[in-house]
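The values are calculated or read from the model by the stated rules, or taken from the named source; none is laboratory data. No experiment lies behind these values; they were computed from the predicted model shown. In this analysis, Cβ positions are derived from the backbone assuming ideal geometry, glycine residues included, and neighbour counts consider all displayed protein chains. These area figures cover heavy atoms from the full protein model, side chains too; ligands, DNA and RNA do not enter into them. Shrake-Rupley method; radii C 1.70, N 1.55, O 1.52, S 1.80 Å.
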Amino acid sequence: MKNNEEVIKIITIKDIVKKEKEFPKGTIFAFVFLWTVIVTIIMFIGFDFSGFVSSFDFSDISSDPTYYNIVKFGIINQLIVTLIGSVFAIGVAQLSYSIVRGKGKELSIAFQVWTDTKIFKRTLIAILSIISIRIGLKLLIVPGIFLTYVFGVLSFILIDEDYHSLSVIETLKKSWELMKNNKMNLFLLQLKYFLPFFIFTLVFSIVFSILLVILIVMGISVSLIIILLLLTPLIIGAFVYSFYIYSKYYIALAIFYKQIKEDKTIQPIEEV
């Protein structure tokens, strides 16, 4: 066997999905639901900032200050969303990784990571990765997609006690190292869990559109109330189904991270 050759234990996407079914997901479901409520509330508060943002006068820069007010509000909103996304990603990684390792499944575990002294470093690293991905998506799209998978397990590295001593740059490098030759595997894992949800959403949209056309052809007056009565249970069902899918996916992602971490830390076998 060649020098520095790593022994990689083979685990397929099918194996991960099969193993994911062995773990409880109720706590993650509750966390995703709770976080959705928190995000919704914060987003409504963020929209209330529009009046505050509009109070700034950029008329000396442009003859249309309203444009700059919209831009400023958009920037503030994006910063809020980025911060919320960082908090959520690290919290759910902490919880799902704890469940997979049999360390506990309490909801409080998702928030424990934010009570220690490394909160600011973790937040900084998470935000840097999110910003770099968004810049890549806006500029050329492909670099953004590439970085999305390079940092695909970054949240788990941030909560992993084995990597707490790493600096910001070292943490990003570790994510790059672990995801080397694993980006396609992560894509296939996401496809396995989210393709059914995409199909569900597509079918829902088509069915609802056909239903509206039928009502209109039949001469039935389609009021806003009727639309809301039809949409509300379907939207609620879609949200519940999405929570369920995310709960399963985060457990699978924790298994995926644990696997590639173990693979990459196996010592090379010297040539006999």
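Looking at V100, V113, which is the one that is closer than 21 Å to T171 by Cβ, at pLDDT 85 or above and surrounded by 14 or more Cβ atoms within 10 Å (Cβ to Cβ)? After ruling out the rest, the residue left standing is V100.
Contact annotation: residue pairs with Cβ atoms under 8 Å, 6 or more positions apart or on different chains, pairing a residue in segment 69-96 that is aliphatic (A, V, I, L, M) with a partner that is modelled with pLDDT of 65 or more and not in a helix (DSSP H, G or I), are L95/K105; L95/L107.
So that you can scan it fast, the table gives a plain yes or no per residue for (1) within 19 Å of V113 (Cα to Cα); (2) at pLDDT 90 or above:
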position: L147; (1), (2): no, yes
position: Y163; (1), (2): yes, yes
position: E177; (1), (2): no, yes
position: F197; (1), (2): no, no
position: S205; (1), (2): no, no
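Taking segment 147-192 as the range and being outside any helix (DSSP H, G or I) and under 22 Å from Y244 (Cα atoms) as the test, the residues that pass are G152, V153. F146 falls short on exactly one of the conditions (1) crowded, with 20+ Cβ neighbours inside 10 Å; (2) over 15 Å from the mean Cα position of the chain (by Cα); (3) not hydroxyl-bearing (S, T, Y), and that condition is (1). The C-beta contact set for segment 237-263 (first residue within 16 Å of Q94 (Cβ to Cβ), second residue open to solvent by less than 10 Å² (accessible area, probe 1.4 Å) and not in a helix (DSSP H, G or I), distance under 6 angstrom, 6+ apart or interchain) comprises Y257/V153. Taking the criterion of being open to solvent by less than 10 Å² (accessible area, probe 1.4 Å), under 15 Å from S247 (Cβ atoms) and not polar (S, T, N, Q), the residues of segment 85-96 that qualify are G91, V92, A93, L95. Checking the structure you have, find out if any residue of segment 127-144 is part of a helix (DSSP H, G or I), touching a residue at least 40 places away in the same chain (Cβ under 8 Å) and closer than 23 Å to A252 by Cβ. Within segment 127-144, one or more residues are part of a helix (DSSP H, G or I), touching a residue at least 40 places away in the same chain (Cβ under 8 Å) and closer than 23 Å to A252 by Cβ. So, in segment 235-272, of the ones that are modelled with pLDDT under 75 and surrounded by fewer than 13 Cβ atoms within 10 Å (Cβ to Cβ), which residue ends up nearest to F31 (Cα to Cα)? Among them, the one singled out is T265.
Just one of the listed residues (K118, K105, K173, K180) is open to solvent by 40 Å² or more (accessible area, probe 1.4 Å), under 24 Å from K21 (Cα atoms) and among the charged types (D, E, K, R), and it is K105. Considered as a group, the residues in segment 131-143 that are open to solvent by less than 40 Å² (accessible area, probe 1.4 Å) and not hydroxyl-bearing (S, T, Y) include one that is farthest from K180 (Cα to Cα), and that residue is G136. Of all the numbered requirements in (1) farther than 21 Å from K248 by Cβ; (2) assigned to a helix (DSSP H, G or I); (3) open to solvent by 70 Å² or more (accessible area, probe 1.4 Å), T82 misses one, and that requirement is (3).
Picking from residues in segment 183-199 that are open to solvent by 80 Å² or more (accessible area, probe 1.4 Å) and either more than 30 Å from L231 (Cβ to Cβ) or touching a residue at least 24 places away in the same chain (Cβ under 8 Å) (or both), the one that is nearest to the chain's Cα centre (by Cα) is F187. Residues that are free of Cβ contacts under 8 Å to residues at least 24 places away in the same chain and surrounded by 14 or more Cβ atoms within 10 Å (Cβ to Cβ) within segment 158-169 comprise Y163, L166, listed in sequence order. The number of residues in segment 97-108 that are closer than 24 Å to E262 by Cα and without any contact (Cβ under 8 Å) to a residue 24 or more places away in the chain comes to 4.
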